[in-house]
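The values are calculated or read from the model by the stated rules, or taken from the named source; none is laboratory data. Quick caveat: nothing in here was measured; it's all calculated off a predicted structure. Quick reminder, even Gly has a Cβ in these numbers, built from the backbone with ideal geometry, and neighbours come from all protein chains shown. The accessibility values were calculated without ligands, DNA or RNA, using every heavy atom of the protein model including side chains. Shrake-Rupley method; radii C 1.70, N 1.55, O 1.52, S 1.80 Å.
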Amino acid sequence: MWIITFLLIIEALLVVFLALFFRSHAKEVISQVNIRLEKMEETIRTRRISLHEKESEDVLLEQHLSEIIELYELTKKVSASLELQEVVMTLSQTLEANFSFEKGFLFLLRDDSDRTHTPQDIDRIYALPANAKSLPEKGLVTVKAEDISYLAEMLEAAREKKEAFQGSSFPFTAVPLWVKHRLISLIVCEHLKPEDLEKLTILSRQFALAIQKVKLYGKIQELAITDGLTRLYTRRYFLERFHEELTRSKRHHLSLSFLMADIDFFKEKNDQYGHLVGDVILREVASQLKANVREIDLVGRYGGEEFFIALPETG
């Protein structure tokens, strides 16, 4: 009997031991499972964050690309323009619509600039944005150089820099416009947002080419209608303009005077002193003629040492 009792006690103890063992083991297994679950959840969260960041980066890249394409499309129409006023107005409208700044300027340098980049090299200064409603027929209203307090500092910096730069003592951002290692213009914006600088740089390159094309077209036009030696109108162009003035004068019953002039003893002096001296005389006479007529008057070279002058609304 006692053997049976002993066995039952042993069996009960064994059951309790096994129960305690499996319970402890189960806790350990559950603990390990929980740790693995936590790691998996952390991995999932990390991957979700990474995926979200990647999606955000993709969105930003697409937005940035879209802005660049939009700027390119906006400036494409500049390529079709051969008038400086249209180019400047397109620049003004593009800056106003796509950039945040307080005020800006477009500086155009003279073609004969000696690359010193001083205020004397400035040909014209346009305020940006420009008001199309207040534009005169023959160009934008210019700004006086003395009204730009940081002009000297900006031009000094432009001599050394090829890329956009910030003012050291004034809140402006300047983007030089270079064509074939020659500075032709600068776009200046006050209090420009830093994130807009790259877009402005891209924009400036397009406008540099547009401005240069306008200047070259102007030179071609000038060569086509002006005499190479005297810089007066050629005979053909003068007669075309004279015909227009004659028609206008008849229509409005206005006076119109026509003068012919030549240089006395020119052939004799030309033969005596040579053609180089003769060219100097022709240029000087032409200069005196232009200096002593009104802006509306026409002065042309008929040929040789002969000149003609048309004086609208003059008896």
**Request:** Could you check how many residues of the stretch 162-193 are of a type in the set (D, E, K, R), in a loop (DSSP other than H, G, I, E, B) and in contact (Cβ under 8 Å) with a residue 24 or more places away in the chain?
**Result:** 2
**Asked** Would you pick out the residues in the stretch 282-303 that are within 22 Å of Asn270 (Cβ to Cβ), small (Gly, Ala, Ser) and open to solvent by 40 Å² or more (accessible area, probe 1.4 Å)?
**Response** Ser287
**Request:** State the number of residues belonging to the stretch 207-227 that are open to solvent by less than 40 Å² (accessible area, probe 1.4 Å), modelled with pLDDT under 85 and under 28 Å from Gly304 (Cα atoms).
**Result:** 1
**Prompt:** Taking the stretch 84-109 on its own, how many of its residues are within 21 Å of Tyr217 (Cβ to Cβ), under 12 Å from the mean Cα position of the chain (by Cα) and open to solvent by 10 Å² or more (accessible area, probe 1.4 Å)?
**Reply:** 2
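Can you name every residue in the stretch 253-270 that is part of a helix (DSSP H, G or I), open to solvent by less than 100 Å² (accessible area, probe 1.4 Å) and of a type outside the set (A, V, I, L, M, F, W, C)? Reasoning before the result, please.
Going through the stretch 253-270, the residues part of a helix (DSSP H, G or I) turn out to be 266-270.
Checking which are open to solvent by less than 100 Å² (accessible area, probe 1.4 Å) leaves us with 266, 269-270.
Answer for the stretch 253-270, where residues must be part of a helix (DSSP H, G or I), open to solvent by less than 100 Å² (accessible area, probe 1.4 Å) and of a type outside the set (A, V, I, L, M, F, W, C): Lys269, Asn270.
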**Request:** Of the conditions (1) in a loop (DSSP other than H, G, I, E, B); (2) open to solvent by 20 Å² or more (accessible area, probe 1.4 Å), Thr230 clears all except one; give me its number.
**Result:** (2)
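Restricting attention to the stretch 160-208, which residues are of a type in the set (Lys, Arg) and touching a Lys or Arg at 6+ places or on another chain (Cβ under 8 Å)? Steps first, please.
Quick first cut of the stretch 160-208, residues of a type in the set (Lys, Arg) only: 161-162, 180, 182, 193, 199, 205.
Arg182, the sole residue that qualifies.
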